[in-house]
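Here's the structure, in structure tokens; my notes come after.
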Amino acid sequence: MRDLVARGLSGLRDLRNVPRLVYLVGISVLAITLPGWLAVFRLDWIISALAFSVAALGLDLLIGQAGQVSLAQAAFVGVGAVTAIDLGSHGTPWPLAFLAAMVISGVLSALIGVPLLRVRGLQVAIATLVFQLFAQELLASSGLVSTSYYFNRPSFLTADSSYYYFTLVLVVLSVVGLKRVRITRAGRAFLAVRDSESRVAAFGIRAGTTKLLAYGMAGAAAGLGGAIYALQQTSLGPTGGPFQLQPSLLLIAVVLIGGAGSPTGIIAASILVNALPNVLPTTAGNYTLVAVPVIMVAMMIFQPQGLGGILRAVDRFLGNLLAGKPVRYDPEPKHADIETARQCITGLRVASHRTRQLEASRTPDEARPLLAARGITVRFGGVTALDSVDVAVAPGQIVGLIGSNGAGKSTFFNVVSGLVGASGTIQYRGVDLMTTPAFGRKGLGVARTFQEIGIPKQASVIENMVMAQSPLARYWTLEGVLAMPRTVSTERRLRERAILSLQLFGLDHLARVPLGDLPHGTMRLVEVAAAVTTAPDLLLLDEATAGLTSEESDELAERLSLLRNEMGIAMLVIEHHVPFIAQVCDYCYCLDTGKVIAAGPPSEVTRDPAVVKSFLGEQELRRAHRMPASVTEPASVTEPASVTEPDGLEERDKPEKRAAQAEVDVLAPGPEQADQAKLLEVAGLCAGYGSLQVLFDVSFWVAPGEIVLLMGSNGAGKTTTLRTLCGIIKPRKGRVVFNGHEISGQAPENLLRNGLAMVPEGRGMLPDLTVTENLHLGAYISRSSSEIKERLGGIYETFPILSKRAREQAGSLSGGEQQMLAIARALMSQPKLLLIDEASLGLSPLMTETTFEMLARLNEVSGVSILVVEQKVAALELAKRVYVMEKGRIASAAEGAQMAEIRILLEESYLGASLT
Amino acid sequence: MVTQIVTGLAEGGAYALLAVAIVLVFSGTKVLSLAIGEMGAFGLMLGLKWDSTSVPLIGWRPPENVAGAFATALAVLCGAVLGVVVERFIMRPVENRSPASKLVVTLGIALFLALAEYQFISNSGLPMTSPLGSAGINRLHLLGSSLTWDDVASLGLAVVVAVLMTLFLRKTRFGLAVRATTSDPTVSRLLGVKVSRVHRFTWVLGAALAGIAAGFLSATSGEIYPLSMTAALLYAMAGAVIGGLDSLGGAVLGSLIVGVLQGVLSPRFGSTAAVGATLGLVLLVLLARPRGIFGTVNAG
């Protein structure tokens, strides 16, 4: 107690806390004095509203924290009320009746959760809504909902004011209890399940059990609310039970108006919804009731954080007035010197008993691999993502996994961490990992990071760090709620380790910042730090360096080596940035379309001809556009090619002339001349998502009839550039001029009408529609059906394979055929410029070659300009000009003869300097 | 047994129109709309109130035998107007939220309309005879059971609407755009489809259909009161989920299954058991075949 007071007083020293204290005191005074000045019948309504707020608080835990949108909460309020009435009317003392109401509602709610474990999102809402319908029928017909059952209040509660205080105490206890849930193991697990259910197993969390716990707790809260309501009413009338459809919908309204995670907001909303309409004078009250859903919808549109969000904003505003603006934290990692890092690692080691035991068991047979995966095969539908892959990691070894996009690297990680089923065997420290459930693997010492941030972004950095240690948080949920000594000491230990790990990566100053507020690179580092916290034996890192500067990436390499040397952590590292592999790895595997194509020390693997080919594409691409078209074109395509030549292009320059003109431009790009020749000009483009800026001052241009390449590694901003050109993302700055018109910021619907056609990343198939329907949609903006028919004929002759598949669903085509269809569909609108995102993604080398050739031919024959986003160096053969992007900027550009230099540059950046 | 099945089919037929409305909106917008029932009911309640008073301003009072038809027509009109308003001012701003939170938004709309009905139209049930005028309540005898022409008309209408809409979606340019939007809105936009127009179209058509459905459903039960169409909507939604949320034919079939389930089980085991069986079936479908019998996309 004295502790608490001391802490409270020291908290007051920070003026920022003053508004919160003032309003806490204000609410307390208001709540305590309420019976003194409020008429009794009005107090009665306040009591019911408080009873409902308990149920709403539970629902908030289920919806807000665990992400399960249940619409059946009122049903469990009903179960609680009926249980309490039934027991109470048979003379059970109220504490027992209340407890029974909570337990029965909680257990039933968890039971209903069982069939819902396999469905998510909207399906949960549907199922719970139908359950609500069932439950209200059942409760109404149970016979207990009648005036013949009485639950009489004990003598000390007969007065309304004393029942009010009784309710108030229970509400406060619920708030405190649910708050404890949030800040202990269970609450963190809820959050993790909500944000990435498919991944939580990798943190050692059982998604199923966690969800059932959330259902159970929400049910128990509803039961308590129902019991409070029942004892207040003493009997349930035949109609107007608390479990009907309307109260059920109003409960949702309360949670949404109140705001996720804000008890004050929710209690206030419950009073607004359940009490105010009855407490106010009739007319005003009725309007209040109608206003409730209006407020609810308005909140959902304008203020998704609800009343709680408004309260927090006011709090922040007043805090800033009193204490000045908070010091802006530096979102980048600090430089931590190597000595500090070493100390942190020692600290982590001491803190981890398990690792010490393991070290003892590990030393004897150093030679045996820590991880030995053999014959791992994964199929998704018809696609073989991994094809009998063998990978071994020795204890304390850092092993690299490289390969182009879609090679199956992340899938392999998912197999090891148990998120994807596979055939084959994985021996880990002599245990068959395949028989260990996914959530058990973290406890065995397998930790990982994800390519996209896999940990909850709303939670603070430190909460994420603690969440990552879930298998080490060994206490019962109820212990956590009651703050038993075991919980407190465990939580303290987890926090200490989290801080050590943060210090190791220079992140400790960011502990209290919400993860989502940090730049992408820093978030990744946090994820690495979180994975290290448990002192795993095997760490799987999926593109840990994406978004880091080269200094930061060097520092990360140093930390990883240190972790390996001092703690003996073995690592498997997926990287696009090959120099990083050369820097840290002892051994390296290269994957290509699901197969291991090379293995050995990094320096050897990166020189392996198969690897070079896989990364750079075919060395010798037949250059269709450099030879007369008729020579390279297969006979069947030569004829119809002239048919596809769009009418609009007839008066344009003939290909040869155009090519010659382009040549001149390249040789002597005089300013005025260049201006005329620009079909597309992008100048100073800046764009991004939310707080994340991806593009910085991107400028480039495309001349009529030209093929231009936009190259760069993953995350360089290529796709974002195209998405901004299309209008999917609004540019923040800069201009896009197409064909003399400013088009930046226009909606994507206008893209085709402006003469640009897009082949989106992943080909943008409409899988349920047939090939013909997809093609028809390509010409959607044209209203003349005869014209569409004519174009369709031309396309079918150019792409005979598509005409064979005309009536099949687009989703059933192979990857290569889909790419054809995507390009053909884009051509249906007869665009002036074709934008293609990752033409070769997921295609075999042969198919890639075919696609590139086809693009070259299309350009040659129809004169359409093409802007291709690519990773494969082989695409360089296609174009006369290339721009290379790095970290959201155009890093270099070249045309004509200079392109050979670009090639060397790209080869270096993909495969490391070792190649040259 | 046969009698009960026929009765059940009649009940299911009434849900089917509502289920078709749900499927239309879902196909166009990926929103599972719980507002659509109340959007149909609002105009109907207004019309029924004016049947007994008289239409304000013009002071005309519909004659007794077309009172139901007048109210239903008003329901269709109001539904269409509400469809435009809801799509433009409520659903568009929340377009990028999760499917579940959009469902909750539609709940808010339903609640608002219900409370507005309660407040401004009637706080108790309004009697409803038949959308077909006095002809609708005439009975015909079929396989030993007695049906009203309303029952036959609503089932027939549901089938006709489902067939016409399916043809429309398969054969016309705009229908293709609607299906493309169902499949992938972003890609559709890149192909020049004005997705917001698709959204508006499905909301307006869905809500107008819900107006007709409200007319028939309330004629079956004899009255309409605030939230009663939302309760009926839950059965229709169960039918749509069972049949497949993006399949118009599936919606009709699913509703008939739900109707027959009610018709057969209610007399023997009580309505609670019938609702329980519906719940069981919905859960079974969600677990075993989340896209429904004929559907192509998963709900959520």
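In the stretch A:494-518, the residue that is surrounded by the fewest Cβ atoms within 10 Å (Cβ to Cβ) out of those that are closer than 18 Å to A:Ala535 by Cβ and small (Gly, Ala, Ser) is A:Ala498.
Residues of the stretch B:180-223 being acidic (Asp, Glu) and more than 9 Å from chain A (Cβ to nearest Cβ), which ones?
Of the stretch B:180-223, the ones acidic (Asp, Glu) are B:184, B:223.
Within the stretch B:180-223, B:Glu223 is the sole residue that qualifies.
The set of residues in the stretch A:730-742 that are buried (at least 20 other Cβ atoms within 10 Å of the Cβ) and within 14 Å of chain B (Cβ to nearest Cβ) is empty. Taken over the stretch A:564-607, residues that are of a type in the set (D, E, K, R), in a loop (DSSP other than H, G, I, E, B) and under 18 Å from A:Ala392 (Cβ atoms) amount to 1.
Is one or more of the residues making up the stretch A:3-11 in a helix (DSSP H, G or I), at pLDDT below 90, of a type in the set (Val, Ile, Thr) and surrounded by fewer than 19 Cβ atoms within 10 Å (Cβ to Cβ)?
Yes: the stretch A:3-11 contains one or more residues that are in a helix (DSSP H, G or I), at pLDDT below 90, of a type in the set (Val, Ile, Thr) and surrounded by fewer than 19 Cβ atoms within 10 Å (Cβ to Cβ).
Which of the residues belonging to the stretch A:754-780 are hydroxyl-bearing (Ser, Thr, Tyr) and within 8 Å of another protein chain (Cβ to nearest Cβ)? Let's see the steps before the verdict.
From the stretch A:754-780, those hydroxyl-bearing (Ser, Thr, Tyr) are A:770, A:772, A:780; that's our starting set.
Answer for the stretch A:754-780, where residues must be hydroxyl-bearing (Ser, Thr, Tyr) and within 8 Å of another protein chain (Cβ to nearest Cβ): just A:Tyr780.
Among the residues that make up the stretch A:58-72, is at least one of them within 14 Å of chain B (Cβ to nearest Cβ), among the acidic types (Asp, Glu), over 31 Å from the mean Cα position of the chain (by Cα) and farther than 20 Å from A:Gln233 by Cβ?
Residues of the stretch A:58-72 within 14 Å of chain B (Cβ to nearest Cβ): A:59-60, A:62-64, A:66-72.
Next, from what is left, pick out any that are among the acidic types (Asp, Glu): A:60.
This time we only want the ones that are over 31 Å from the mean Cα position of the chain (by Cα), so: none.
Looking for residues that are within 14 Å of chain B (Cβ to nearest Cβ), among the acidic types (Asp, Glu), over 31 Å from the mean Cα position of the chain (by Cα) and farther than 20 Å from A:Gln233 by Cβ, one finds none in the stretch A:58-72, hence no.
Could you check, for the stretch A:439-447, whether at least one of its residues is under 20 Å from A:Ser410 (Cβ atoms), in the same structural domain as A:Asn414 (by TED's automatic domain parsing) and in a strand (DSSP E or B)? Within the stretch A:439-447, one or more residues are under 20 Å from A:Ser410 (Cβ atoms), in the same structural domain as A:Asn414 (by TED's automatic domain parsing) and in a strand (DSSP E or B). Whether any residue in the stretch A:376-387 is surrounded by fewer than 18 Cβ atoms within 10 Å (Cβ to Cβ), basic (Lys, Arg) and at pLDDT 85 or above is what I want to check. Yes, the stretch A:376-387 contains a residue that is surrounded by fewer than 18 Cβ atoms within 10 Å (Cβ to Cβ), basic (Lys, Arg) and at pLDDT 85 or above. Residues that are within 14 Å of chain B (Cβ to nearest Cβ) number at least 3 in the following helices (runs of 4 or more DSSP H) confined to the stretch A:232-284: A:245-258, A:276-279.
The number of residues in the stretch A:797-812 that are hydrophobic (A, V, I, L, M, F, W, C) and either in contact (Cβ under 8 Å) with a residue 60 or more places away in the chain or in contact with a strand residue (DSSP E or B) (Cβ under 8 Å, 6 or more places away or on another chain) (or both) comes to 2. Scanning the stretch B:110-149 for residues that are assigned to a loop (DSSP other than H, G, I, E, B) and surrounded by fewer than 21 Cβ atoms within 10 Å (Cβ to Cβ) yields B:Ser122, B:Asn123, B:Ser124, B:Gly125, B:Asn138, B:Leu143, B:Gly144.
Every listed requirement among (1) in a loop (DSSP other than H, G, I, E, B); (2) more than 30 Å from A:Gly727 (Cα to Cα); (3) within 14 Å of chain A (Cβ to nearest Cβ) is met by B:Ile293 save one, (3). Selection within the stretch B:58-98: residues that are under 14 Å from B:Val25 (Cα atoms) and among the hydrophobic types (A, V, I, L, M, F, W, C). The member of this set that is farthest from the other protein chains (Cβ to nearest Cβ) is B:Ala80.
Of all residues in the stretch A:125-141, those satisfying the criterion of being more than 7 Å from chain B (Cβ to nearest Cβ) and modelled with pLDDT of 85 or more are A:Thr128, A:Gln132, A:Ala135, A:Gln136, A:Leu139. Could you go through the stretch B:269-288 and let me know if any residue there is touching a residue at least 40 places away in the same chain (Cβ under 8 Å), more than 14 Å from chain A (Cβ to nearest Cβ) and not acidic (Asp, Glu). No, there is no match, as no residue in the stretch B:269-288 is touching a residue at least 40 places away in the same chain (Cβ under 8 Å), more than 14 Å from chain A (Cβ to nearest Cβ) and not acidic (Asp, Glu).
Residue-by-condition table, conditions (1) surrounded by 24 or more Cβ atoms within 10 Å (Cβ to Cβ); (2) in contact with a Leu (Cβ under 7 Å, 6 or more places away or on another chain); (3) under 10 Å from A:Gly223 (Cα atoms):
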position: A:Ser89; (1), (2), (3): no, no, no
position: A:Pro93; (1), (2), (3): no, no, no
position: A:Ile104; (1), (2), (3): no, no, yes
position: A:Leu116; (1), (2), (3): no, no, no
position: A:Arg120; (1), (2), (3): no, no, no
position: A:Ala125; (1), (2), (3): yes, yes, no
position: A:Val130; (1), (2), (3): yes, yes, no
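Looking across A:Ala839, A:Ala879, A:Ala856, one residue alone is in a helix (DSSP H, G or I), surrounded by 22 or more Cβ atoms within 10 Å (Cβ to Cβ) and in contact (Cβ under 8 Å) with a residue 12 or more places away in the chain. It is A:Ala856. In the stretch B:227-245, of all residues being outside any helix (DSSP H, G or I) and of a type in the set (A, V, I, L, M), the one that is farthest from the other protein chains (Cβ to nearest Cβ) corresponds to B:Leu245. Residue under question is A:Arg199, and the condition is that it be at pLDDT 90 or above and of a type outside the set (Ser, Thr, Tyr); does it hold? So A:Arg199 does not fit the description; no.
For the stretch A:301-321, indicate whether the set of residues that are more than 28 Å from A:Val22 (Cα to Cα) and within 30 Å of the chain's Cα centre (by Cα) is non-empty. Talk me through it step by step, then tell me what you get.
Of the residues in the stretch A:301-321, the ones more than 28 Å from A:Val22 (Cα to Cα) are A:301.
Adding the requirement that they be within 30 Å of the chain's Cα centre (by Cα) leaves A:301.
Within the stretch A:301-321 (the criterion being more than 28 Å from A:Val22 (Cα to Cα) and within 30 Å of the chain's Cα centre (by Cα)), the answer is yes, since at least one residue qualifies.
The values are calculated or read from the model by the stated rules, or taken from the named source; none is laboratory data. Note that the coordinates shown come from a computational prediction; the quantities given were computed from them, not determined experimentally. With ideal geometry, Cβ positions are generated from the backbone for all residues, glycine too; neighbour counts draw on all protein chains shown.
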